[in-house]
1. Once each part is reduced to its C-alpha centroid, what is the distance from the stretch 80-134 to the stretch 29-46 in angstrom?
2. Could you run the Karplus curve 6.51 cos²θ - 1.76 cosθ + 1.60 with θ = phi - 60° over the stretch 75-90 and give me ³J(HN,Hα) per residue in whole Hz, x for Gly and Pro?
3. Classify the stretch 44-128 as rounded, prolate or oblate from the Cα gyration tensor: take a ≥ b ≥ c as the square roots of its eigenvalues, call it rounded if a/c is under 1.5, otherwise prolate when a/b beats b/c and oblate if not.
4. Going through the stretch 1-51, which GluC sites (Glu not before Pro) have at most 11 other Cβ atoms within 10 Å and a DSSP loop state?
5. What ranking, highest mean first, results for peptides 104-112, 53-61 when packing means the other Cβ atoms within 10 Å averaged over each residue?
6. How much FRET efficiency would the formula 1/(1 + (r/R0)^6) give for LYS105 and GLU134, where r is the Cβ-Cβ distance and R0 is 35 Å, rounded to 0.05?
7. Could you compute the FRET efficiency for ILE94 and SER12, with r as their C-beta to C-beta distance and R0 at 30 Å, rounded to 0.05?
8. Project the alpha carbons of the stretch 1-87 onto their principal axes and report the range along each, largest first, in whole Å.
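Just so you know, all these numbers are worked out from the coordinates, no wet-lab data involved. All values derive from a computational prediction rather than experimental measurement. As a convention, Cβ positions derive from the backbone with ideal geometry for all residues, glycine included, and neighbour counts pool all protein chains shown.
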Amino acid sequence: MRQFSLLLVDDSHSILTSLTRLFKTEGYKILTAGSAAEAMEILRRESVDVCITDENMPQITGTELLKAARVHFPNMVRIMLTGQSDIHVAQNAINNGEIYRFFVKPWDDFELITAVRHALALKMLEEENSRLKEQVRRQEEIIGRPTGEHGGFSETILSTDGTYEIEEKGS
């Protein structure tokens with residue numbers, strides 16, 4: 001079974017410790033960063049399924065981090081976890097970072113764990129959907145050109161007298 005990875009980003013060591021302890025029990029690979037710049041370094045070298053970030057951090061905000069992550073790592077699920085309950089912060093995170101969920105500190109452990117589980121389930125479905133679409137595209141490509149390299153296909157035709165005729169294609 002695949003081990004999912006979470007990137008936890010907060011400039012507060014105690015928050016990172018709490019979140020790490022919370023998600024360790026879920027069996028995820030946990031990566032932590034104390035700043036947005038550190039988080040971007042991790043994202044460049046590690047495959048991350050979910051990023052949970054604080055908004056208020058030095059130099060680069062969580063929203064700016066998620067906005068950049070959306071461009072460079074569009075399949076990564078983005079979640080905002082912040083001490084700010086300002087509606088404008090939430091709107092900005094939603095519009096610019098295209099976040100999956102927005103949580104205000106102090107968070108409810110059950111809700112946060114459930115949100116991450118649902119996000120990962122959705123991510124797996126999207127990956128499977130992409131894989132199946134590619135498989136269908138390849139099959140349509142083969143079926144769409146029954147002559148030439150894939151000759152020998154036949155077509156059954158109903159004749160005017162009610163009998164069936166088999167017509168060979170591309171032999």
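1. Answer, in whole Å: 18.
2. 8, 7, 6, 10, 10, 9, 10, 9, x, 8, 9, 5, 4, 5, 5, 5
3. oblate
4. Numbers: sites: GLU26, GLU38, GLU41, GLU46; in loops: GLU26, GLU46.
Passing both the DSSP loop test and the Cβ count: GLU46.
5. Working: 104-112: 13.1, 53-61: 18.3.
Peptide ranking by packing, descending: 53-61, 104-112.
6. On the way: r = 41 Å, r/R0 = 1.16.
Approximately 0.30, to the nearest 0.05.
7. Details: r = 23 Å, r/R0 = 0.77.
Calculated transfer efficiency: 0.80.
8. Computed over the stretch 1-87, the largest-to-smallest principal extents equal 38, 28, 23 Å.
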